[in-house]
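Some notes on the structure that comes next.
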Amino acid sequence: MEKEISQAVIRRLPRYYRYLGELLEEGVERISSSDLSSRMKVTASQIRQDLNNFGGFGQQGYGYNVQFLYDEIGRILGLNETHRIIVMGAGNLGQAITNYMKFEKFGFVITALFDVNPKLKGKKIRDVPIYMIDELDEYCKNNKVDIAALTLPKEKAETTAKHLVRLGVHAIWNFAHVDLDLKDSRVVIESVHLSDSLMQLSYNIVKNS
């Protein structure tokens, strides 16, 4: 049976990947867990414990080979594969996500946007075409879709998400202000509630003022 990895560890993996990428840009070839700890503000024992979930990767007295660890964490995160994304909603947020070119560096390729506004039909955002929502079924039938980003009003999000599941989409990146209830499906959901993040920031401002 495959070992169950805690969500806390999984949430830290992108941070490891980001910091290791910065080390590579600086020309660093190897690093100890204590040096990585001081950079990331995570204890050295936590780093060793996290990485031991996947085999460790370090050598006593040597530390970690930065390039090897960067590549291995990228593989664990699935960044050695291409993930095709469609964006549901071509409003300001949908267009901003499509315009963010750094996603492609990590293998996330946005292939299409969908909207109900007929004025947007046939237009492109950074060479990514906008289709009408009634073209969604045909598009999914003829194109591989791994992830759907939902940038829709919350009243449309759950119905759209359930329809996407029926069309075979594997994962949903949810920006709508609603917690999706898709318990009966095997689809993976990652919700990004921007207002929640701002409210946490507001709390910390008040607490520290």
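The values are calculated or read from the model by the stated rules, or taken from the named source; none is laboratory data. Everything numeric here is computed off the predicted structure, so don't read it as measured data. Backbone-built Cβ (ideal geometry, glycine too); neighbour counts: all protein chains shown. Only protein heavy atoms, including side chains, enter the accessible area calculation; ligands, DNA and RNA are left aside. Shrake-Rupley method; radii C 1.70, N 1.55, O 1.52, S 1.80 Å.
If you filter segment 179-194 down to residues that are open to solvent by less than 100 Å² (accessible area, probe 1.4 Å) and over 18 Å from the mean Cα position of the chain (by Cα), you find that the one that is farthest from Leu93 (Cα to Cα) is Ser185. The set of residues in segment 124-152 that are in a loop (DSSP other than H, G, I, E, B) and without any contact (Cβ under 8 Å) to a residue 24 or more places away in the chain contains only Asp127.
Residue count for segment 137-152 under the criterion of being open to solvent by 60 Å² or more (accessible area, probe 1.4 Å) and touching a His at 6+ places or on another chain (Cβ under 9 Å): the result is 1. All of Asp137, Asp115, Asp146 fail the test of being at pLDDT 95 or above and closer than 30 Å to Gly21 by Cα, apart from Asp146. Where helices (runs of 4 or more DSSP H) sit wholly within segment 1-106, those with at least 3 residues that are open to solvent by 60 Å² or more (accessible area, probe 1.4 Å) and more than 30 Å from Asn117 (Cα to Cα) occupy 7-25, 33-40, 44-52, 66-76. Based on what the data block shows, is Ala176 hydrophobic (A, V, I, L, M, F, W, C), surrounded by 12 or more Cβ atoms within 10 Å (Cβ to Cβ) and not in a loop (DSSP other than H, G, I, E, B)? For Ala176, the condition - hydrophobic (A, V, I, L, M, F, W, C), surrounded by 12 or more Cβ atoms within 10 Å (Cβ to Cβ) and not in a loop (DSSP other than H, G, I, E, B) - is not met.
Scanning segment 124-136 for residues that are farther than 14 Å from Gly89 by Cβ and either open to solvent by less than 70 Å² (accessible area, probe 1.4 Å) or not acidic (Asp, Glu) (or both) yields a count of 4. How many residues are in a strand (DSSP E or B) and either open to solvent by 60 Å² or more (accessible area, probe 1.4 Å) or not aliphatic (A, V, I, L, M) (or both) when one looks only at segment 162-173? The number of residues fulfilling the criteria is 1. Select, from Ala157, Ala176, Ala161, Ala149, the only residue that is under 16 Å from Arg84 (Cβ atoms) and not basic (Lys, Arg). From the options Ala157, Ala176, Ala161, Ala149, the qualifying one is Ala149.
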